[in-house]
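The values are calculated or read from the model by the stated rules, or taken from the named source; none is laboratory data. A quick note: this is a predicted structure, and the numbers were derived from the prediction, not measured. Neighbour counts run over all protein chains shown; Cβ positions are idealised from the backbone, glycine included.
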Amino acid sequence: MPSLSDHKSSSDIKPFEHGFWLLLPLWARDMLILMRIDRPIGWWLLLLPGWIIMPVAARLYDIAPARLLWLMGLFWIGAIIMRGAGCIINDIWDRDIDPLVARTSTRPIADGRISVFAALVMLAVLGGIGLTILIQLPAKAMLTGCAALPLIVIYPLAKRFTGYPQIVLGLTFAWGVFLGWAACDIWPDMRVLWLYSAMALWTFGYDTIYATQDMADDIKIGIGSSALSLKNRIKATVGCVYVLVIIDLICFAVTIDAGWGMVAAIAITGLHFFWQIRCFDENNPAMAGVLFRRNRDVGLILTGGALIDYALTYGMV
């Protein structure tokens with residue numbers, strides 16, 4: 001595993017202050033920042049639960065490689081669009097508290113660079129693009145996607161009435177498991193619940209680590225987070241949650257008759273989790289940011305394992 005001594009180079013933030021981005025007008029750059037296009041880790045973490053499940057469904061239900069790649073491509077575009085829409089909803093809800101938090105005070109709505117009306121117009125545009133993507137999927141996927149809308153709307157408000165908004169986030173981000181399975185024109189069944197549980201717990205774990213960066217500001221403005229609720233027990237709790245993730249993944253692997261690709265991926269994921277917990281320090285915000293972003297690697301490892309099993313079934317490797 002990499003050392004945390006190089007945490008500055010591990011950031012995924014892509015500033016829009018040089019190169020091609022300078023050709024865009026300032027308002028366009030601000031709109032991209034509103035969508036968090038400069039922070040791709042968010043759409044990666046939204047995308048990966050769906051990507052993990054899709055090769056599994058394709059292997060079990062004999063879906064051709066070209067169709068699988070097409071579906072994964074749609075999910076990639078859809079994750080970027082819907083993550084952007086979710087960020088706009090979040091920033092509209094939080095326009096009264098974002099200026100009070102150091103990390104969020106420069107967001108475009110918070111400091112007045114983009115109006116709420118302009119943000120709503122952009123939200124409508126993104127909704128239209130998302131709908132265009134959704135209607136290219138089977139009816140089962142369309143219904144499954146629509147079923148997630150209440151969670152998408154509720155999550156930005158959760159921190160105002162619960163000390164564990166990361167639970168709501170976990171349920172929301174993990175929904176990609178159901179959607180990815182349904183995109184293969186199959187209704188989710190009990191096997192899928194094991195992976196959904198794993199992804200929801202994983203999200204709770206990594207976002208609790210992320211939330212340690214904002215504990216002082218969250219106390220000041222009176223909003224909740226699992227990091228605050230678990231203060232001084234964060235490391236132990238996240239460690240236990242990660243153990244449950246591995247147990248869920250093992251149960252999922254058994255129910256889908258996984259091959260060596262997924263088995264190896266789960267083993268590597270367990271080692272990655274061990275490294276995260278070993279390095280985690282709730283009093284070191286820079287470290288928390290690094291560990292949070294490295295969870296993209298967890299999702300890619302599990303996706304890779306599922307793809308290897310799929311490729312072995314089709315004699316591609």
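Here Ala286 meets each of (1) in contact (Cβ under 8 Å) with a residue 60 or more places away in the chain; (2) more than 18 Å from the chain's Cα centre (by Cα); (3) under 21 Å from Leu48 (Cβ atoms) with one exception, condition (3).
Of all residue pairs spaced 6 or more apart or on separate chains, those with beta-carbon atoms under 7 Å, a first member in segment 229-253 that is closer than 24 Å to Arg160 by Cα and free of Cβ contacts under 8 Å to residues at least 60 places away in the same chain and a second member that is of a type in the set (Gly, Ala, Ser) and buried (at least 18 other Cβ atoms within 10 Å of the Cβ) are Ile234/Ala227; Val238/Gly205; Val241/Gly205.
When you check Leu46 against the structure, is it exposed (fewer than 14 other Cβ atoms within 10 Å of the Cβ), touching a residue at least 24 places away in the same chain (Cβ under 8 Å) and either part of a helix (DSSP H, G or I) or out of contact with any Pro (no Cβ under 9 Å at 6 or more places or on another chain) (or both), yes or no? Spell out the reasoning first.
Numbers: exposed (fewer than 14 other Cβ atoms within 10 Å of the Cβ): no; touching a residue at least 24 places away in the same chain (Cβ under 8 Å): yes; either part of a helix (DSSP H, G or I) or out of contact with any Pro (no Cβ under 9 Å at 6 or more places or on another chain) (or both): yes.
When the stated conditions are applied, Leu46 does not pass them.
Set side by side, the residues Leu123, Leu74 differ, and just one is farther than 30 Å from Lys220 by Cβ, of a type in the set (A, V, I, L, M, F, W, C) and out of contact with any Pro (no Cβ under 7 Å at 6 or more places or on another chain), which is Leu74. Among the conditions (1) within 21 Å of the chain's Cα centre (by Cα); (2) at pLDDT 95 or above; (3) over 30 Å from Leu137 (Cβ atoms), Ala236 misses just one, which is (1).
This table checks each residue for (1) in a helix (DSSP H, G or I); (2) over 20 Å from Leu45 (Cβ atoms); (3) of a type in the set (Val, Ile, Thr).
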{"site": "Asp111", "(1), (2), (3)": "no, yes, no"}
{"site": "Leu126", "(1), (2), (3)": "yes, no, no"}
{"site": "Thr132", "(1), (2), (3)": "yes, yes, yes"}
{"site": "Ala158", "(1), (2), (3)": "yes, no, no"}
{"site": "Gly170", "(1), (2), (3)": "yes, no, no"}
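Quick grid of which residues meet (1) surrounded by 15 or more Cβ atoms within 10 Å (Cβ to Cβ); (2) modelled with pLDDT under 95:
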| position | (1), (2) |
| --- | --- |
| Asn232 | no, yes |
| Cys251 | yes, no |
| Met262 | yes, no |
| Leu271 | no, no |
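Only residues that are at pLDDT 85 or above and either crowded, with 22+ Cβ neighbours inside 10 Å or of a type in the set (Lys, Arg) (or both) were counted in segment 214-227, giving 3.
Residues of segment 112-131 include none that is surrounded by 15 or more Cβ atoms within 10 Å (Cβ to Cβ), small (Gly, Ala, Ser) and modelled with pLDDT under 90. Residues in segment 145-183 that are surrounded by fewer than 22 Cβ atoms within 10 Å (Cβ to Cβ) and more than 25 Å from Tyr210 (Cα to Cα): Cys146, Ala147.
Among the residues making up segment 171-218, a single one is under 14 Å from the mean Cα position of the chain (by Cα) and among the charged types (D, E, K, R): Asp207.
Do the conditions hold for Asp91, that is, is it among the acidic types (Asp, Glu) and part of a helix (DSSP H, G or I)? Criteria met by Asp91.
Quick one: would you say Ala102 is touching an Asp or Glu at 6+ places or on another chain (Cβ under 8 Å), touching a residue at least 40 places away in the same chain (Cβ under 8 Å), buried (at least 17 other Cβ atoms within 10 Å of the Cβ) and closer than 23 Å to Arg29 by Cβ? Working first, answer last.
Working: touching an Asp or Glu at 6+ places or on another chain (Cβ under 8 Å): yes; touching a residue at least 40 places away in the same chain (Cβ under 8 Å): yes; buried (at least 17 other Cβ atoms within 10 Å of the Cβ): no; closer than 23 Å to Arg29 by Cβ: yes.
It is false that Ala102 is touching an Asp or Glu at 6+ places or on another chain (Cβ under 8 Å), touching a residue at least 40 places away in the same chain (Cβ under 8 Å), buried (at least 17 other Cβ atoms within 10 Å of the Cβ) and closer than 23 Å to Arg29 by Cβ.
Residues considered: Arg278, Arg294. Of these, the only one that is surrounded by fewer than 16 Cβ atoms within 10 Å (Cβ to Cβ) and within 19 Å of Val243 (Cα to Cα) is Arg278.
Is it the case that segment 57-68 has a residue that's closer than 20 Å to Met82 by Cα and surrounded by 19 or more Cβ atoms within 10 Å (Cβ to Cβ)?
Within segment 57-68, the subset closer than 20 Å to Met82 by Cα is none.
Taking every residue of segment 57-68 in turn, none turns out to be closer than 20 Å to Met82 by Cα and surrounded by 19 or more Cβ atoms within 10 Å (Cβ to Cβ).
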